[in-house]
Amino acid sequence: MNAMLREQAHLPLETRGLQHCYEGVNVLCGIDLALEPGSVLGLIGRNGAGKSTLIRAMLGLLVPLAGSTQVFGEAALKLSDAAKARIAYVPQQPEALAWLTAQQMLDYVGRFYPQWDATFVRTTMERWQIQPNRLLAKLSPGERQRVDLIRALASQPELLVLDEPAAALDPVARRELLREVALRAGESGTTVLFSTHIVSDLERVASEIAFLHQGKLLMHCSVDETKERYARLWLPGKMSAAAPTESLSRRRHEDGSISLVVERDAAGQWPQAAGLAGARVDALGLEDLFVEIAE
Amino acid sequence: MDASLLIIQPASIEPIYRQIVEQLRRLIAAGQLAPGELLPSVRDVAGFHAINPMTVSRAYGIAESEGLLERQRGKGMVVAATHRTTQTQNQRMALLEPQLQALTRHAGELELPADAVLRRLTKLLGE
């Protein structure tokens, strides 16, 4: 009983001060991130921003230069089998057990999971058009990832981590995956972390977003809040001196005018310059917001 | 009411929960949803549109606090019995506020004098 209470107090995922570099180039520069149970975090960032590295480091699949992660209260690098049984991770390019057929792999892996849902496997294999008797090695990368998504969902994990899951799916299957993710989070309290390029997917199911840019997490907040809290402020050239010094991005256009991504203050007000005659404040969709900052 | 009646545009600058509240407001104000009519469950809406159930709950909660919806024991959310007829002019006017704000902003950007805009608006309203 005590053990159960203790377990519940632990966050599914909590990382502190994560740092990593490849060949002298810093990829992660001190990432702090915590996931509440039942939340759906959409991780977004440009190609090469380090999303996969961050995910792998958080799950203990890679030893970071510095920092630590706890998964259900255990050190990510020394997870017990019991903790591992509660996690499912789908990498961008699954490679494991390629000498088995899809069916063999799922039958084999299923034995390790107490909550394995064989009915889900059967029906989803059909819907996602996976031939059960083909070798995994012979499947296309997209089919391979679909099999791995089925594997992950069938284990009914408490923490589901998906690295670019949408890339392998056609629009119908993608919608189906999003539905699974959304309903499991809402009803079974599954905690989900997924990285994606497709911002509209993230806007549908994510409860919060984090934007990985230049090794740091920007704007880690709820999706709704992001849309309401940030906007683009445009100032004509003659007023560019009035631009607030603090902004998430700053771009000068050829005509001398200037665009900034600004944030409401604690009282919900835009920076003062937004009130000047000739200034413009435009609400942005998430996609425009990211482009504005990442460019 | 069927979940498919709602239109969700994830890429819109409007957060999804506000899109839902706004549509409920309009459907109810226009009488397309009658008092007592049952709303689809949170699960149905979330499932149909593949959106986070918490977003739907939040929208329903706001609609309930605005008096558009009522929670009925064992049944779910229904359209509240008291609406349009009892809505004051002020309340209906408040529904128009976002559009009026946008209009004012555009007029300012175009540096149009207020009287010219008002003249045109008066003409449109009179038609």
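Bear in mind these aren't lab numbers, they're just calculated from the coordinates by the rules spelled out. The structure presented is a predicted model; accordingly, all values stated were derived computationally and were not measured. Note that we place each Cβ from the backbone using ideal geometry, even for glycine, and neighbour counts take in every protein chain shown.
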What trypsin sites (Lys or Arg not before Pro) does segment A:84-145 have in DSSP loop regions with at most 13 other beta carbons within 10 Å? A:Arg111
Given a 10 angstrom Cα cut-off, can you work out which residue in A:Ala102, A:Ala154, A:Ala82 is the most mobile in a GNM of chain A? A:Ala82
What angle do you read, to the nearest 10 degrees and between 0 and 90, between the alpha-carbon axis of helix A:118-127 and the longest principal axis of chain A? 60
Mind giving me the nanometre distance, one decimal, between the label points for B:Ile13 and B:Leu110, set 7 Å out from Cα along Cα→Cβ? 1.7
Helix-only [θ]222 nm of chain A, DSSP H runs n ≥ 4, -39500 (n - 2.57) each, per residue, nearest 500: -8500 deg cm²/dmol
Show which aspartates and glutamates lie in cross-link reach of A:Lys84 when reach means a straight Cα distance below 20 angstrom and same-chain residues fewer than eight apart are skipped. A:Glu7, A:Glu14, A:Glu36, A:Glu74, A:Glu95, A:Asp107, A:Asp117, A:Asp148, A:Glu158, A:Asp163
In degrees, nearest ten, helix B:16-29 long axis to first principal axis of chain B (Cα): 80
For segment B:23-58 and segment A:138-174, write down the distance between their C-alpha centroids in whole Å. 30
With axes computed from alpha carbons, what is the tilt in degrees of helix B:114-126 against the longest principal axis of chain B, rounded to the nearest 10 within 0 to 90? 60
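Ranked by Cβ crowding within 10 angstrom, fewest neighbours first, how are A:Leu59, A:Leu135, A:Leu248 ordered?
Values: A:Leu59 21, A:Leu135 13, A:Leu248 16.
Arranged by neighbour count, lowest to highest, A:Leu59, A:Leu135, A:Leu248 become A:Leu135, A:Leu248, A:Leu59.
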What share of all Cα pairs of segment A:178-295, in percent, falls into each consecutive 10 Å distance bin? 12, 40, 28, 14, 5, 0
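Fewest Cβ neighbours within 10 Å first, please rank A:Glu95, A:Glu208 accordingly. Numbers along the way, then the final one.
On the way: A:Glu95 10, A:Glu208 20.
Going from sparsest to densest Cβ surroundings: A:Glu95, A:Glu208.
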Using alpha-carbon positions, what is the distance between the centroids of segment A:218-284 and segment A:186-204, in Å? 28
Highest-first arrangement of A:231-244, B:24-37, where packing means the average Cβ count within 10 Å: A:231-244, B:24-37
Can you give the three extents of the C-alpha atoms in segment A:227-294 along their principal axes, from longest to shortest, in whole Å? 28, 26, 18
For segment A:108-193, using Cα atoms only, the Rg and Dmax in Å read 12.5, 36
Ordered by number, the chymotrypsin sites (Phe, Trp or Tyr not before Pro) in segment B:16-109 that occupy a DSSP loop and have at most 10 other Cβ atoms within 10 Å are none
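What is the ratio of the Cα radius of gyration of the protein assembly as shown to 2.2 N^0.38 Å, where N is its residue count, to two decimals? Write out the running numbers ahead of the final one.
Working: Rg = 24.8 Å, N = 422, 2.2 N^0.38 = 21.9 Å.
Output field value: 1.13.
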